Amino acid sequence: MPLKLMYITNRPDVALIAEQNGVDRIFVDMEYIGKAERQGNLDTVKNHHTIQDVSALRKVLMQSELLVRVNPIHEKTDEYDSSEEEINAAIAAGADIVMLPFFKKASEVKRFLRIVDGRVKTMLLLETPEAVDVLDEILAIPGIDEIHIGINDLSLGYGKPFMFELLTDGTVERLCRRIGQAGIVYGFGGIASLGRGLVPAELIIKEHYRLGSKMTILSRSFCNIDRYDNIDAIEEIFFRGVREIRSLEKECASHAMYFIENKRELQAAVAEVVQQIESERAGNTR
């Protein structure tokens, strides 16, 4: 089975282009509580999509599933609704899947699943060392449909200078094995267009196949719509980019034995970037 490709946007016109070019899930990102603080000055995507965005996309999507990332479990304040109110609103607006990010305890997962109550599919975003520490307890909880390993925040939690180190130090592989043994669908990280990214996307896609991953996010590097005023240019990126990924996937499916060599190349590519980062840091401290 090809990877389920997910793309983050709240624009109906871009969502339609993604859907028409084979993107499986349109991802509305409503998470903002605490996100800027924990990611600091990193050049990461910090969206603040709304329930209105969910409703708008629901009206135009015909095939792609609508995935909504809500905020971590929280109580009601003067600034925002409670988790119950937020999740209920996302479901009422048309979400097919609701994602819980940045949880640390099994009790948070239980509360999330209790709120959803089987009305839509559930996805956990595994991205904290604390959640990894209690993963066996979490995996035993009924009602989890999918788990996505968020290597950006998880790498921050482990103090790694580069997120893809988690692919080469065995962390992602161990998590995939544990989640798979529990019979839960899993995926990890994001990918750029082929030939792009600090680590070539080809190497990452091949790791998805080696590890049995079923889904990934098309990253901002795949298509940063802020750089394009012309919708035709965006359409061309999706038309070309998704087809290149699918073509590589066919190769992966028919040549599974080359994954070992790909792992060696991936390790070398990640090590090179880490060495560069550490050299730059050493230079800045002088």
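Data table
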| quantity | calculated |
| --- | --- |
| When residues of segment 159-203 are limited to those that are touching a strand residue (DSSP E or B) at 6+ places or on another chain (Cβ under 7 Å) and of a type in the set (A, V, I, L, M), the one farthest from Glu130 (Cα to Cα) | Ala201 |
| Ser247 being assigned to a helix (DSSP H, G or I), out of contact with any strand residue (DSSP E or B) (no Cβ under 8 Å at 6 or more places or on another chain), surrounded by fewer than 18 Cβ atoms within 10 Å (Cβ to Cβ) and among the polar types (S, T, N, Q) | yes |
| Condition check for Thr128: open to solvent by less than 60 Å² (accessible area, probe 1.4 Å), touching a strand residue (DSSP E or B) at 6+ places or on another chain (Cβ under 9 Å) and of a type in the set (Ser, Thr, Tyr) | no |
| Checking Ile144 against (1) closer than 15 Å to Lys105 by Cα; (2) open to solvent by less than 10 Å² (accessible area, probe 1.4 Å); (3) not in a helix (DSSP H, G or I), the condition it does not meet | (2) |
| Lys76 modelled with pLDDT under 95, out of contact with any helix residue (DSSP H, G or I) (no Cβ under 6 Å at 6 or more places or on another chain) and surrounded by 18 or more Cβ atoms within 10 Å (Cβ to Cβ) | no |
| Tally, over segment 252-273, of residues that are more than 11 Å from Leu167 (Cα to Cα), touching a Leu at 6+ places or on another chain (Cβ under 7 Å) and either of a type in the set (S, T, N, Q) or open to solvent by less than 60 Å² (accessible area, probe 1.4 Å) (or both) | 3 |
| Restricting segment 25-34 to residues that are free of Cβ contacts under 8 Å to residues at least 60 places away in the same chain and open to solvent by 10 Å² or more (accessible area, probe 1.4 Å), the residue that is farthest from Arg246 (Cα to Cα) | Ile33 |
| Residue in segment 175-183 that is touching an Asp or Glu at 6+ places or on another chain (Cβ under 8 Å) and over 20 Å from Val274 (Cβ atoms) present | yes |
| Odd one out for Ile115 among (1) open to solvent by 30 Å² or more (accessible area, probe 1.4 Å); (2) in contact with a Ser or Thr (Cβ under 7 Å, 6 or more places away or on another chain); (3) among the aliphatic types (A, V, I, L, M) | (1) |
| Val68 being out of contact with any Lys or Arg (no Cβ under 9 Å at 6 or more places or on another chain) and aliphatic (A, V, I, L, M) | yes |
| First in segment 258-286 and within 19 Å of Ile205 (Cα to Cα), second anywhere and polar (S, T, N, Q) and surrounded by 15 or more Cβ atoms within 10 Å (Cβ to Cβ), Cβ under 6 Å, 6 or more apart | Gln267/Thr168; Val270/Thr168 |
| Conditions (1) at pLDDT below 95; (2) under 21 Å from Asn224 (Cβ atoms); (3) in contact with a helix residue (DSSP H, G or I) (Cβ under 6 Å, 6 or more places away or on another chain): number failed by Ile26 | (1) |
| Condition broken by Glu278, with the remaining ones in (1) out of contact with any Pro (no Cβ under 9 Å at 6 or more places or on another chain); (2) in a helix (DSSP H, G or I); (3) more than 24 Å from Val185 (Cβ to Cβ) satisfied | (1) |
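The values are calculated or read from the model by the stated rules, or taken from the named source; none is laboratory data. Quick caveat: nothing in here was measured; it's all calculated off a predicted structure. All Cβ positions, glycine included, derive from the backbone under ideal geometry; neighbour counts span all protein chains shown. To get the accessible areas, we keep the full protein, side chains included, count just its heavy atoms, and leave off ligands, DNA and RNA. Shrake-Rupley method; radii C 1.70, N 1.55, O 1.52, S 1.80 Å.
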